1. For region A:291-336, which residues satisfy the criterion of being out of contact with any helix residue (DSSP H, G or I) (no Cβ under 8 Å at 6 or more places or on another chain), without any contact (Cβ under 8 Å) to a residue 60 or more places away in the chain and closer than 28 Å to residue A:241 by Cα?
2. So is residue A:139 within 9 Å of another protein chain (Cβ to nearest Cβ), in contact (Cβ under 8 Å) with a residue 12 or more places away in the chain and under 16 Å from residue A:311 (Cα atoms) or not?
3. Taking residue B:195, is it buried (at least 21 other Cβ atoms within 10 Å of the Cβ), at negative phi and modelled with pLDDT of 95 or more?
4. What's the number of the condition residue B:107 fails, among (1) within 13 Å of chain A (Cβ to nearest Cβ); (2) at pLDDT 95 or above; (3) crowded, with 24+ Cβ neighbours inside 10 Å?
5. Select from region B:142-160 the residues that are surrounded by fewer than 24 Cβ atoms within 10 Å (Cβ to Cβ) and within 13 Å of chain A (Cβ to nearest Cβ) and list them in ascending order.
6. So is residue A:204 at pLDDT 95 or above, surrounded by fewer than 20 Cβ atoms within 10 Å (Cβ to Cβ) and within 20 Å of residue A:284 (Cα to Cα) or not?
7. Go through region B:161-172 and report how many residues are over 18 Å from residue A:303 (Cβ atoms) and either out of contact with any strand residue (DSSP E or B) (no Cβ under 7 Å at 6 or more places or on another chain) or more than 7 Å from every other protein chain (Cβ to nearest Cβ) (or both).
8. Taking residue A:118 as the residue in question, decide whether it is away from chain B (no Cβ under 12 Å), within 14 Å of the chain's Cα centre (by Cα) and closer than 28 Å to residue B:161 by Cα.
């Protein structure tokens, strides 16, 4: 059965169509997008982010990917937004510059009854994708945490995606790890969120601040220029025993570990999937975080837990959104 | 359809039988046990806690409550224990003095095919009970936290009880709220668990320590003797503006609020149910905790959240265990 996954992010709009053959062999990890998707498409979101224009473009991709298949065709859209309900209403998307946009309703109306539409938070779709065909294949209790520019998470409990009362579950980036007077402010309006310490954009600013004027520092040499130093370079420096880099990682790893360990304590997950632009390039930070988790997580909750890196990369969100829609999770009525 | 709930705690062994009429009116809160259960039973656990003896006694209660009903009769047992799996294997129960006891398998064998047995963590059963007939009626996303001697929790997500990989989900008492050198040790072996600050047994020791020699203190006057001062007396003193009591509550409320707020941030619950021997008698602490939660929880996760007190008291575990078994959650094969 054909199904379509769409990933609407701040930079790219991507789509892929899957058929039964493409995921027929769940025991074989689909390492590349080409092994999973039968057809795929990618374009830049571009400057015109008017909801009506984006809806039209998503629908055009859907029509193209659906080709001459007969409906109803499941289509799942993962969107980089905080949702407000299970009908795809965007409460807020800094990436798209949207606030209070009834995206799901608009898209459902445009797509019509040929499609069965579900709209999901992008990280939830990615989490589901990793559970369908990636690092958490076959797992019923999963916590996935992605550290990129910000920090997002997804939870699967008893084989079901945890969406929460208003489709906002998994916001582990805004779990508080400091609450004293010095707690860092976060873009969410709160203070002391783990994202404000370990999230890529905060981390990069801190790295730039602390390395200012230190042209001979190992991380700067690795990057070439101070302004190009990324968390990955700091990780390499830490792996090489650099004191500053190790100090920074030793401060941040316990904070991330507290957020992760406390979540596992609550959820009793069997698999913790780590990914995202920062963690995928910082193996030393991951290792230190894992070590700190051993200390802060009760043993009965550590024993069943396996910690792994995400496998599917950019494909995960497409796989997951399509699979969620196909499973009938939070479908939006396309009837007028 | 007849169903049986059993609550096996450290002090009492209780049982109740429910029929369809007893929960037929979900809109009417069953304020008293007598309004819910058709038949009920209570006995002291007593000194002989040998698993075989307990199994026999539970089975005898089941036989009596089942009367002449024809099988298969759902029977749910909530047990004050950390479980290891969904077959009722007790990893550890300080209350019963058990370690590695295949309680579910033993009881299933004794009960035979006339019964359909499920064994659940007692707090999970209580949480489910509150969602079936108590403070979280009709809610699909629930976090329930009970502060008594210790702190236990239960999670419902998308209408399903979150059991976790090894049936240990909801251990919010062992979420870390301190991780510096001064973090309090907890009986679990960890340090800085919220239970080690707000859990009743820790709290009572601290109260006794800080009030030692202060016979004229308001809390002591309320209780009569220093050794009788309970958290409820401290709460009354705080409500009356006592400086020490307010200071203690102002230290503890944010710690509890961090654990609760971070859990809600992850789960996007629509209802937070608070209960247990401490919180049911400390309205001022509850109020301060709620206020602190407003600060530490992101607004989009606060908006859909309602915070309420548990309604069913001792009955919740019986209602919940029976309802879980009836719904077929984690039934244990009774075949030989």
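1. Hit for region A:291-336 is A:306, nothing else.
2. For residue A:139, the condition - within 9 Å of another protein chain (Cβ to nearest Cβ), in contact (Cβ under 8 Å) with a residue 12 or more places away in the chain and under 16 Å from residue A:311 (Cα atoms) - is met.
3. yes
4. So the condition that residue B:107 fails would be (1).
5. Residues satisfying the conditions are B:158, B:159, B:160.
6. It is true that residue A:204 is at pLDDT 95 or above, surrounded by fewer than 20 Cβ atoms within 10 Å (Cβ to Cβ) and within 20 Å of residue A:284 (Cα to Cα).
7. Selection size over region B:161-172: 1.
8. In short, no.
The values are calculated or read from the model by the stated rules, or taken from the named source; none is laboratory data. Note that the structure is predicted; figures quoted are calculated from it, not measured. Methodologically, a virtual Cβ is constructed for each residue, glycine included, from the backbone with ideal geometry; neighbour enumeration extends over all protein chains shown.
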